[in-house]
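All remarks here apply to the structure that follows.
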Amino acid sequence: MFEFLFWSKKKKDEKTQQNTEFSGEEKISKMSNKEILEAEKVYKKWLSTIKDIIAPAAMDVKFNHIKMWDFYMKNFFVYSYPRYVNENWLSGVINMDATMDISMFIYPHNSADVLSMLRKKTSQMRSTMNMLRDKWMWRDPEVEAALEDAEILRDQIQRWEEKFFQYWLYFSIYDKDEKNLNKNVTQLETNLWAKLVLTKRADLQMDRAFTSCQPLALDKLEITHNMNTSPLSSTFPFASSDLTSDKWIMYWINRHNDSLIIFDRFSLPNANSIVLATSWAWKSYAVKLEMLRLMMIWADVIVIDPENEYKDLCETVGWTYISLWLNSKEKINPFDLPQWIKDFEWSTWDILRSAIINVSWIISLMIWEMTAEEWGILDKALIDTYAIKWITFDTDNPWDLEVPTMWDLYNILSSMEWADSLATRVEKYVTWSYAWIFNQKTNIDLDSWMVVFNVRDLEEELRPIAMHMLLNFIWNKVRSELKKRCLVVDEAWKIMQHEQSAKFLFWLVKRARKYYLWVTTITQDVDDFLYSKYWKPIVTNSAMQVLLKQSPSSMELLQKTFNLTEWEKYLLMNSSVWQWIFFAGNKHAAIQITASYNEDKIITTNPEDKIKSDDDVVFE
């Protein structure tokens, strides 16, 4: 019994000691938490927020203006609109050469509440008109017009054709010179008043108006106006009166007024374009962005890619990627007969003659210079080459027959008198190192939505030949069926180095529009391109031109060619890679390219970005 009591007392003392120790630790912990909370409170009190960083140090608020830093500022609000307003009526304000903030607030209304309000208003207006009629007083045109509009609006809302909104529109104009500020204010009021859009200055409310114009989504003025969907859509601010249409795709941003350039290439005399820039000026980036957005209008795209820059784009969107090199599986036979549109009145004579001319150009690129005698021998040999396959000038429907290959031409030349030199130079494309790429039947189909031909791995000697054959192959396919297509020829200066291929590209650009094709020519070697005798016809037949950052050595020729102003010349020499000059016919615009995050990941040409994306890949 004594031992049990002693053991119980011992346990009780140990438990009391543990409770005492726990209470002490808890007390210390509570004191520590309190100190931490006090420290956090002091820290947050003196911590600078983002608003503190971007906010001005001080503002001098007067009854009719605000002075902030070195700028004077005045604020306005719109309080009345006309009965009818044209679309893009804000373009005159947006295109003003002034620093300005425009703020819009749009709040939707419940359709049921609007219909109830319209019923009451129409009843009131009808009562007013009846009272005037009973008293033999003059009718009120304003009430009659309001009643007519209310009835039309009520019908449209009940049919779900329109919705009802409350709309706020505020302006803030800045300038360092107070006189220039007053001048811009007068111009703003004149532009709006000419369209019967009435404004007032926010006198005695400048601070509240300034807050309403900031990107804070806070409306401190609450100067409202009721609008339905149709007139509200006319207030869309991101539009340029010069380079914006209501269809096609969005290209770039107008740097002058930050409006969107939504442009239709086929609205120009021709839909061809040319892109000129130095190396590392993001030429391909801009063109790939356009190609990606062409998916929205279901246009086919064909690309000749000399540097393997379009592979990631093809793999992402599931398009066809064809790599041409000595051992590639894809082949193009230069002896293929041209395809003709079904409605075109063709004859076998025209088809065979066109085929012989095309092959003659390709052979001239293969064996370089030929004498007049050799040209005559080659022409006779090509006629005989097609004849051994039963394709002559009198053959009916020659497309049903098998076409010859380079081997057949070599056999004909080897058997002809005085053709030993031609046969020797053609031989390497038949039996030696270059046999597999030009001596096979065509196994490429362009029925895919987008096809990219990669010629990066071709030897320099073969590249102009292959590009010429590709252009001819694509042209035959384009003529076979009228369809909306875009052909992108990247690094076109490599084609312009050779007489025959430069001539063919010029001929292709000149005839493209007749077959619903637009050609985009890209080059970085501006000097070599422009000094070719075919450069000017290509430029003049490209109604859409884009000039990116240029080197000083090319500026004099570019300024003379494109009639650039001194400001545009300065812009091209000093702008960043994202800022260019865009020509659409006679219209010029300084533009800036903007791509979304996902678009940028797909079309980027920056090696650093590609390395980072490769590093981010996780292998399971």
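The C-beta contact set for the stretch 537-560 (first residue among the hydroxyl-bearing types (Ser, Thr, Tyr), second residue surrounded by 20 or more Cβ atoms within 10 Å (Cβ to Cβ), distance under 6 angstrom, 6+ apart or interchain) comprises Ser542/Asn272; Ser542/Ser273; Ser542/Ile274; Ser554/Val526.
Is it the case that the stretch 301-317 has a residue that's over 27 Å from Ser575 (Cβ atoms), among the hydroxyl-bearing types (Ser, Thr, Tyr), modelled with pLDDT under 85 and not in a loop (DSSP other than H, G, I, E, B)? Show your work before the answer.
Here is the first cut: in the stretch 301-317, the ones over 27 Å from Ser575 (Cβ atoms) are 301-302, 304, 308, 311, 314-317.
Next, only the ones that are among the hydroxyl-bearing types (Ser, Thr, Tyr) stay: 316.
So of that shortlist, the ones also modelled with pLDDT under 85 come out as 316.
Then drop every residue that is not not in a loop (DSSP other than H, G, I, E, B), which leaves 316.
Yes, the stretch 301-317 contains at least one residue that is over 27 Å from Ser575 (Cβ atoms), among the hydroxyl-bearing types (Ser, Thr, Tyr), modelled with pLDDT under 85 and not in a loop (DSSP other than H, G, I, E, B).
When the residues of the stretch 250-300 are narrowed to those that are touching a strand residue (DSSP E or B) at 6+ places or on another chain (Cβ under 7 Å) and of a type in the set (Val, Ile, Thr), which ends up farthest from Tyr515 (Cα to Cα)? Here the residue is Ile253. For the stretch 432-453, taking the residues that are surrounded by fewer than 13 Cβ atoms within 10 Å (Cβ to Cβ) and without any contact (Cβ under 8 Å) to a residue 60 or more places away in the chain, the one that is nearest to the chain's Cα centre (by Cα) is identified as Asp447.
Condition first: in a helix (DSSP H, G or I) and either of a type in the set (Ser, Thr, Tyr) or more than 26 Å from the chain's Cα centre (by Cα) (or both). Can you find one or more residues in the stretch 80-90 that meet it? No, the conditions are met nowhere in the stretch 80-90.
Close Cβ contacts (under 6 Å, 6 or more residues apart or on different chains) running from residues in the stretch 274-286 that are farther than 16 Å from Asn574 by Cα to residues that are of a type in the set (S, T, N, Q) and modelled with pLDDT of 80 or more comprise Ile274/Thr521; Ile274/Ser542; Ile274/Gln545.
Could you tell me whether any residue of the stretch 402-425 is buried (at least 21 other Cβ atoms within 10 Å of the Cβ), assigned to a strand (DSSP E or B), modelled with pLDDT of 85 or more and not polar (S, T, N, Q)? Within the stretch 402-425, not a single residue is buried (at least 21 other Cβ atoms within 10 Å of the Cβ), assigned to a strand (DSSP E or B), modelled with pLDDT of 85 or more and not polar (S, T, N, Q).
Listed by position, the helices (runs of 4 or more DSSP H) enclosed by the stretch 463-564 include none that has at least 3 residues that are touching a Ser or Thr at 6+ places or on another chain (Cβ under 9 Å) and at positive phi. Of all residues in the stretch 245-271, those satisfying the criterion of being surrounded by fewer than 23 Cβ atoms within 10 Å (Cβ to Cβ), at pLDDT below 80 and small (Gly, Ala, Ser) are Ser245, Ser267. Consider the stretch 82-141 and keep the residues that are β-branched (Val, Ile, Thr) and touching a residue at least 24 places away in the same chain (Cβ under 8 Å). The one that is farthest from Arg159 (Cα to Cα) is Thr99.
Does Tyr410 qualify as being more than 25 Å from Ala502 (Cα to Cα), touching a Pro at 6+ places or on another chain (Cβ under 7 Å) and not β-branched (Val, Ile, Thr)? No; evaluated as a whole, the condition is false for this residue. Among the residues making up the stretch 283-300, a single one is under 13 Å from the mean Cα position of the chain (by Cα) and of a type in the set (Phe, Trp, Tyr): Tyr285. Please work out if Ile274 is modelled with pLDDT of 75 or more and under 23 Å from the mean Cα position of the chain (by Cα). For Ile274, the condition - modelled with pLDDT of 75 or more and under 23 Å from the mean Cα position of the chain (by Cα) - is met. Going by what's in this entry, would Met406 be described as within 16 Å of Ile367 (Cα to Cα) and either of a type outside the set (Ser, Thr, Tyr) or touching a residue at least 40 places away in the same chain (Cβ under 8 Å) (or both)? It is true that Met406 is within 16 Å of Ile367 (Cα to Cα) and either of a type outside the set (Ser, Thr, Tyr) or touching a residue at least 40 places away in the same chain (Cβ under 8 Å) (or both).
The C-beta contact set for the stretch 503-521 (first residue not assigned by TED's automatic domain parsing to the domain that holds Ile362, second residue among the aromatic types (Phe, Trp, Tyr), distance under 7 angstrom, 6+ apart or interchain) comprises Lys503/Tyr534; Phe504/Trp361; Phe506/Tyr534; Leu508/Trp475; Ala512/Trp518. Pairs linking a residue in the stretch 36-51 that is within 25 Å of Pro215 (Cβ to Cβ) to a residue that is surrounded by 10 or more Cβ atoms within 10 Å (Cβ to Cβ) and at pLDDT 70 or above, with Cβ atoms under 8 Å and 6 or more positions apart or on different chains, do not occur.
Determine whether the stretch 462-475 contains at least one residue that is touching a His at 6+ places or on another chain (Cβ under 6 Å) and not small (Gly, Ala, Ser). So far as the stretch 462-475 goes, yes, one or more of its residues are touching a His at 6+ places or on another chain (Cβ under 6 Å) and not small (Gly, Ala, Ser).
Filtered by the rule that a residue be out of contact with any Phe, Trp or Tyr (no Cβ under 9 Å at 6 or more places or on another chain) and either within 18 Å of Val185 (Cα to Cα) or assigned to a loop (DSSP other than H, G, I, E, B) (or both), the stretch 59-79 gives Lys62, Phe63, Asn64, Lys67, Trp69, Asp70, Tyr79.
In the stretch 351-394, how many residues are not basic (Lys, Arg) and not in a helix (DSSP H, G or I)?
Going through the stretch 351-394 one residue at a time, the tally reaches 10.
For Lys494, are the conditions met, namely being among the basic types (Lys, Arg) and in contact with a strand residue (DSSP E or B) (Cβ under 9 Å, 6 or more places away or on another chain)? Criteria met by Lys494.
The values are calculated or read from the model by the stated rules, or taken from the named source; none is laboratory data. Please read these numbers as outputs of a predicted model, since none were measured by experiment. With ideal geometry, Cβ positions are generated from the backbone for all residues, glycine too; neighbour counts draw on all protein chains shown.
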